[in-house]
Amino acid sequence: QVQLAESGGGLVQPGGSLRLSCATSGSIFHIYDMGWYRQAPGKQRELVAAISRGGATNYADSVKGRFTISRVTIKNTMYLQMNSLKPEDTAVYSCNADRGGITIWGKGTLVTVSS
């Protein structure tokens, strides 16, 4: 059973940076498409960034140019580098692994952007 565990969330001031990590329980990047999602209070969960098995990336318009998704296969870890953070980036961020009809979620990590 594949498991995902996020870390790296916290409180940061507007304009600051954070790097989120998603540790996987095994070598899955060649099998699963991966992504970062977020859910702000009172809002629906949305896709923030994704990286396919082949390494192609895509981003939500709201984070383009500020966030970068990456992965390190040897560490079985995916990252989300977040720069120039804004208060509207405040949310619970979760990582996701998807393979056809199989979808796996981590428990999430809270990011709060506030002065």
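Observations on the structure shown:
- D98 being among the acidic types (D, E) and closer than 18 Å to S7 by Cα: no
- Those residues of region 91-102 which are in a strand (DSSP E or B) and loosely packed, with under 12 Cβ neighbours inside 10 Å, in sequence order: I102
- Selection count, region 26-45, where residues are polar (S, T, N, Q), out of contact with any strand residue (DSSP E or B) (no Cβ under 6 Å at 6 or more places or on another chain) and either at pLDDT below 95 or closer than 19 Å to T68 by Cα (or both): 1
- Residue identified as of a type outside the set (A, V, I, L, M, F, W, C) and in a strand (DSSP E or B) among Q44, Q81, Q1: Q81
- Pair list, Cβ under 6 Å, 6 or more apart: region 14-41 residue open to solvent by 60 Å² or more (accessible area, probe 1.4 Å), other residue at pLDDT below 95 and part of a loop (DSSP other than H, G, I, E, B): S25/V2
The values are calculated or read from the model by the stated rules, or taken from the named source; none is laboratory data. The model shown is predicted, which means the values in this text are computed figures rather than measured ones. Neighbour counts are summed over all protein chains in view; Cβ atoms, including those assigned to glycine, are modelled from backbone coordinates with ideal geometry. The accessibility values were calculated without ligands, DNA or RNA, using every heavy atom of the protein model including side chains. Shrake-Rupley method; radii C 1.70, N 1.55, O 1.52, S 1.80 Å.
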